[in-house]
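The values are calculated or read from the model by the stated rules, or taken from the named source; none is laboratory data. All values derive from a computational prediction rather than experimental measurement. Here the Cβ positions follow ideal geometry from the backbone for every residue, glycine too, while neighbour counts run over all protein chains shown. What goes into the accessible areas is simple: the full protein's heavy atoms, side chains included, and nothing from ligands, DNA or RNA. Shrake-Rupley method; radii C 1.70, N 1.55, O 1.52, S 1.80 Å.
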Amino acid sequence: MKVFLLLLSVAALSCGQGPPAEPPGGQRCSGRNFEGRRCCTPEQPCGLGEGDCDGPLDGGVNDGHAGCQGDLVCGSNNCKKFGLYFHEKDDCCDQPSSIATEKPAPVIVPGVPLDPPAGQRCRGRNYDGRRCCTPDSPCGEGEGDCDGRSDGGLSDGDRGCRGDLVCGSNNCKQFGAYYHQKDDCCERPATIPAAIPKPRQQQKGWGQWTQWGPCSALCGPGWKVRTRRCVGS
């Protein structure tokens with residue numbers, strides 16, 4: 001325990017205070033792991049550091065920045081800097097300067113079609129909206145958007161895909177340049193990287209430290225995060 005406290009204090013001194021591990025009291029929208037997706041809406045816009053909002057960077061039909069209060073904008077996968085309790089795919093209301101003014105070049109995988117093939121039912125959020133693949137109407141390989149486990153919160157798992165196919169994560173660009181970069185497509189299980197075996201932990205007590213994450217700032221005060229869990233009972 002002494003070592004644990006010492007390392008935390010060194011981290012705080014060397015790179016500033018880190019983001020909170022739990023939602024602050026009174027915060028209305030704390031991400032999909034708590035209130036689900038799109039908690040921030042035009043009818044109930046969010047303040048700085050709240051999410052999940054549905055901004056223009058999500059593609060397809062969205063709220064724009066209307067889900068954020070005042071001049072705030074809806075970011076993209078940016079919530080972790082406001083709190084460790086957010087999911088990695090949560091989008092939070094942020095300062096306008098946090099969004100790049102230049103649109104990134106489109107990602108095109110060599111050999112993939114530029115337009116949807118004739119007869120394809122689910123072609124991503126730019127055509128058919130999000131979650132076109134559902135348990136009631138599952139998709140074939142290369143179709144999306146599906147709602148898999150990697151999206152966090154309540155999801156369809158792999159039930160939005162036919163047979164033994166699984167719902168990937170931000171993987172649709174390999175099937176077609178017409179997909180949005182955030183679309184999730186049904187794919188074969190072999191194409192999903194196998195989980196790296198983790199070292200066995202002791203029966204109970206403190207587990208191993210994770211690696212340090214990147215610093216939150218390129219210059220000036222910032223923070224780094226690494227964690228360890230209490231294992232056993």
Qualifying positions in the range 50-84 - in contact (Cβ under 8 Å) with a residue 60 or more places away in the chain and open to solvent by less than 20 Å² (accessible area, probe 1.4 Å)
Asp58, Gly59, Gly83
Go over the candidates Leu48, Leu84 one by one and state the one that is of a type outside the set (Lys, Arg), more than 17 Å from the chain's Cα centre (by Cα) and either in a helix (DSSP H, G or I) or under 19 Å from Asn33 (Cα atoms) (or both).
Leu48
Close pairs from the range 31-48: first touching a residue at least 24 places away in the same chain (Cβ under 8 Å), partner open to solvent by 60 Å² or more (accessible area, probe 1.4 Å), Cβ under 7 Å, at least 6 apart
Gly36/Leu154; Pro45/Gln69; Cys46/Gln69; Gly47/Gln69
Search result, residues across the range 145-175 that are on the phi > 0 side of the Ramachandran plot and either in contact (Cβ under 8 Å) with a residue 40 or more places away in the chain or open to solvent by 50 Å² or more (accessible area, probe 1.4 Å) (or both):
Gly152, Gly153, Gly163, Asn170
Of the numbered conditions (1) open to solvent by 50 Å² or more (accessible area, probe 1.4 Å); (2) closer than 30 Å to Pro23 by Cα; (3) modelled with pLDDT of 90 or more, Arg121 fails exactly one; give the number of that condition.
(2)
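Yes or no: Pro135 at pLDDT below 95 and part of a loop (DSSP other than H, G, I, E, B)? Spell out the reasoning first.
On the way: at pLDDT below 95: no; part of a loop (DSSP other than H, G, I, E, B): yes.
In short, no.
Give me the residue from the range 185-215 that is over 27 Å from Arg149 (Cα atoms) and part of a loop (DSSP other than H, G, I, E, B) and, out of that set, modelled with the lowest pLDDT.
Step one: of the range 185-215, the residues over 27 Å from Arg149 (Cα atoms) are 202-206, 215.
Next, from what is left, pick out any that are part of a loop (DSSP other than H, G, I, E, B): 202-204, 215.
On the way: Gln202: 47, Gln203: 51, Lys204: 56, Cys215: 79.
Here the residue is Gln202.
Which count do you get for residues in the range 20-30 that are part of a loop (DSSP other than H, G, I, E, B), open to solvent by less than 50 Å² (accessible area, probe 1.4 Å) and touching a residue at least 40 places away in the same chain (Cβ under 8 Å)? So that I can check it myself, show each step before the final result.
First, the residues of the range 20-30 that are part of a loop (DSSP other than H, G, I, E, B): 20-29.
Checking which are open to solvent by less than 50 Å² (accessible area, probe 1.4 Å) leaves us with 23, 27, 29.
Those still in the list that are touching a residue at least 40 places away in the same chain (Cβ under 8 Å) too: 23.
The total comes to 1.
With the requirement that a residue be under 18 Å from Asp128 (Cα atoms) and of a type outside the set (A, V, I, L, M, F, W, C), what does the range 44-63 give you? Before you say what the answer is, go through the steps one by one.
Step one: list which residues in the range 44-63 are under 18 Å from Asp128 (Cα atoms), which gives 54-63.
Hits for the range 44-63 are Asp54, Gly55, Pro56, Asp58, Gly59, Gly60, Asn62, Asp63.
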Among (1) modelled with pLDDT of 90 or more; (2) over 27 Å from Cys29 (Cβ atoms), Pro110 falls short only on (1)
